[in-house]
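The values are calculated or read from the model by the stated rules, or taken from the named source; none is laboratory data. The model shown is predicted, which means the values in this text are computed figures rather than measured ones. FYI the Cβ positions are ideal-geometry reconstructions off the backbone, even for glycines, and counts take in every protein chain you see.
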Amino acid sequence: MTILMTSRLIVVVGALLLSIGTGSAESHPAWWRYASPDATALVGIQWEHVRLSPFGDAIAGELTGDGGLGFPDLECLKEARQLLISSPAFLAVAAGNFPTATIREQAAKKGLKRALYRDVELWVAPGKETLSIARISDQLILLGRLKNLQDAIDRNLPAEADRAYSPLLARAARYAQDDLWVVAARLPDPLAERFVPIEAEAEGFEGGVSVENGLRLGAVLNASSEESAAQLAEALKQMVVSLPPVARGIQISIDRNNVTLGMAINAEQLLAGLRTATVAAAPVLKPEPAKPAGPQIIRIFGLDDGPREIVLH
């Protein structure tokens, strides 16, 4: 069993090793039902909080840009309130403020083409690098490949009274108030590993993180046996030792087949830890050799007409 830190998120490991929810089972928001019923991983983000936190840039890098999930570069999407992402039939749901005129103007500027499907306005991306958009209402849009958008619309038609939902939604409901959470049927998982910067084999994973007034986090990994849980816990302890100081306070414990991680630090401790990690990661620059002041003079001897000087400016 191997445990590896991903280089892309090493600085924000504390925010992405996710916390245990302490509340009892709750009902999930109705708009989460757009997630695929076959989803093996769900990620939820209170984007209005996370984007203003020290981890906002790192999370944004997983959503857009080179190597990201393909979110279109729309200003209204950058100011969304909440995001729900499901895979492997990839679909993202964004809750926020998406008036018709705003979506039309911003999507058209980015080269997306307008279409209709069952009276739902679609904005189709020209290539595979960017996700297309389905505008469900002024408060809700879907993002995904065209086929996945159409399937989500079909599943949520009023006539579909017997629609199926992902069983992960019930587990995710307890984290609805957290700023970032992940629930996965198993690890490794391509979506989960973007936000959980460890590589491990586990029968399940769930947790959430809060960035209000510092950082509260933890995680539960379900191993296949008590022996596997012990091996996983030992590997995680070795990993924690190699982390930046801000993340070395992660506590690891075992309860039968479950390995639990947890940590809580206040805002001052978090900022001090991040500053230390940033300084430690900064490249060391060698000073350039000092240039001589004034012009340089080259003297040539042995010429028939005597020594000669050449001035270099």
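For the range 112-126, state whether one or more residues are at pLDDT 95 or above, exposed (fewer than 13 other Cβ atoms within 10 Å of the Cβ), in a strand (DSSP E or B) and touching a Pro at 6+ places or on another chain (Cβ under 9 Å).
yes
For the range 84-109, enumerate the residues that are touching a strand residue (DSSP E or B) at 6+ places or on another chain (Cβ under 6 Å) and not small (Gly, Ala, Ser).
Those that are touching a strand residue (DSSP E or B) at 6+ places or on another chain (Cβ under 6 Å) and not small (Gly, Ala, Ser): Leu84, Ile85, Phe90, Leu91, Val93, Phe98, Ile103.
Do you know which of the residues in the range 43-90 that are small (Gly, Ala, Ser) and part of a loop (DSSP other than H, G, I, E, B) is nearest to Arg104 (Cα to Cα)?
Here the residue is Ala80.
Test of understanding: among Leu116, Leu142, which residue is among the aliphatic types (A, V, I, L, M) and touching a residue at least 40 places away in the same chain (Cβ under 8 Å)?
Leu142
Take the range 44-57 and flag every residue that is buried (at least 19 other Cβ atoms within 10 Å of the Cβ) and without any contact (Cβ under 8 Å) to a residue 60 or more places away in the chain.
Result: Trp47, single match.
To keep it simple, each residue is scored yes or no on (1) among the polar types (S, T, N, Q); (2) surrounded by fewer than 16 Cβ atoms within 10 Å (Cβ to Cβ); (3) in contact (Cβ under 8 Å) with a residue 60 or more places away in the chain.
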position	(1), (2), (3)
Tyr175	no, no, yes
Trp181	no, no, yes
Arg186	no, yes, yes
Leu191	no, no, yes
Ala219	no, no, yes
Ser242	yes, yes, yes
Val246	no, no, yes
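Could you please tell me which pairs satisfy a Cβ distance under 8 Å, a separation of 6+ or placement on different chains, a first residue in the range 27-39 that is at negative phi and acidic (Asp, Glu), and a second residue that is modelled with pLDDT of 90 or more and not in a helix (DSSP H, G or I)?
Matching pairs, first to second residue: Asp38/Pro88; Asp38/Ala89; Asp38/Ser166.
So how many residues does the range 145-162 have that are of a type outside the set (Asp, Glu), touching a residue at least 60 places away in the same chain (Cβ under 8 Å) and either surrounded by fewer than 11 Cβ atoms within 10 Å (Cβ to Cβ) or part of a helix (DSSP H, G or I) (or both)?
3
Taking the range 206-223 as the search range and keeping residues that are farther than 24 Å from Arg51 by Cα and assigned to a strand (DSSP E or B), which one is farthest from the chain's Cα centre (by Cα)?
Going through the qualifying residues, I end up with Asn222.
Hey, does the range 192-203 have a residue that's of a type outside the set (Phe, Trp, Tyr), at pLDDT 85 or above and touching a Phe, Trp or Tyr at 6+ places or on another chain (Cβ under 6 Å)?
No, the range 192-203 contains no residue that is of a type outside the set (Phe, Trp, Tyr), at pLDDT 85 or above and touching a Phe, Trp or Tyr at 6+ places or on another chain (Cβ under 6 Å).
For Ala152, state whether it is under 24 Å from the mean Cα position of the chain (by Cα) and more than 29 Å from Phe55 (Cα to Cα).
yes
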